[in-house]
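What follows is calculated from the coordinates using simple rules that are stated; it is not laboratory data. Computed from a prediction, not measured in an experiment: that's the story for all the values here. Note that we place each Cβ from the backbone using ideal geometry, even for glycine, and neighbour counts take in every protein chain shown.
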Amino acid sequence: NAGVTQTPKFRILKIGQSMTLQCTQDMNHNYMYWYRQDPGMGLKLIYYSVGAGITDKGEVPNGYNVSRSTTEDFPLRLELAAPSQTSVYFCASSQDRPSGANVLTFGAGSRLTVL
Amino acid sequence: EDQVTQSPEALRLQEGESSSLNCSYTVSGLRGLFWYRQDPGKGPEFLFTLYSAGEEKEKERLKATLTKKESFLHITAPKPEDSATYLCAVQAGGSARQLTFGSGTQLTVLP
């Protein structure tokens, strides 16, 4: 059981380039999330999905796009990379619970540097 | 707007020296308060969920408590392997089940 798998682990981009961060989960979770983590800051939600075909913006969506064509996959697309997008990106998933309090399972993270 | 503030930002303890981490929060309709542990270069790992004021959860040397305004993570007789960043998060009502995270407390336990 791999949990949440993110690729790549590290990537350096030039300003203006585009790339996709991949995220796959094998737990059949219906909720998936993308967060970014900057030094000294809390995790900030970029986009989330409550199921295949359904996505919505989080707190900091500008400069990013997502899609959710399957339950397992939730890729994050960076268009026209900017230095402000230098960060560590975490994908997470969760299963909806009757209590409404969802425990997130996180991937190991993808460290992105934009120069 | 939901807010989470953690203190202190960093804490250094000697092995065996007990202490507490604080998480103050404001949220509309708390569904749950979460504690996560994050080791360097890794993703956060779930520790506890607390649902209502007065609730307590324990795991080995860690004990989490909850009031209507804050949560504490008590560390009893810590060991060097407890060194990590501890993150607090709250989940409000709503369909997205979104979490709001604090910036974390970086704990270092010296042998």
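Peptide B:35-43 is shielded by partner chain Cβ atoms: per residue, an average of 4 of them sit within 10 Å of its Cβ.
Ratio of the range A:45-113's C-alpha Rg to 2.2 N^0.38 Å, to two decimals?
On the way: Rg = 12.9 Å, N = 69, 2.2 N^0.38 = 11.0 Å.
Computed over Cα atoms of the range A:45-113, the ratio equals 1.17.
Stokes-Einstein, applied to the Kirkwood radius of the protein assembly as shown over Cα pairs at a viscosity of 0.692 mPa s and 37 °C, places its translational diffusion at 182 µm² s⁻¹.
Just list whichever of A:K57/B:K79; A:K44/B:K68; A:K9/B:K57; A:K57/B:K63; A:K44/B:K57; A:K44/B:K79 have alpha carbons separated by over 32 Å in the model shown. Before the final figure, lay out each step's value.
Values: A:K57/B:K79 40 Å; A:K44/B:K68 24 Å; A:K9/B:K57 34 Å; A:K57/B:K63 34 Å; A:K44/B:K57 26 Å; A:K44/B:K79 30 Å.
In this structure, A:K57/B:K79; A:K9/B:K57; A:K57/B:K63 exceed 32 Å between Cα atoms.
The spread of Cα positions in chain B, taken along each principal axis and listed from longest to shortest, comes to 44, 31, 20 Å. When the range A:1-64 is described by a simple charge dipole with +1 on each Lys and Arg Cβ and -1 on each Asp and Glu Cβ, the residue from A:Y64, A:G53, A:W34 located farthest towards its positive end is A:Y64.
Cα centroids of the range A:63-85 and the range B:16-82: 31 Å apart.
Using only alpha-carbon positions in chain A, the gyration tensor eigenvalues give semi-axes of 23, 14, 13 Å once each is multiplied by 5 and square-rooted (largest first).
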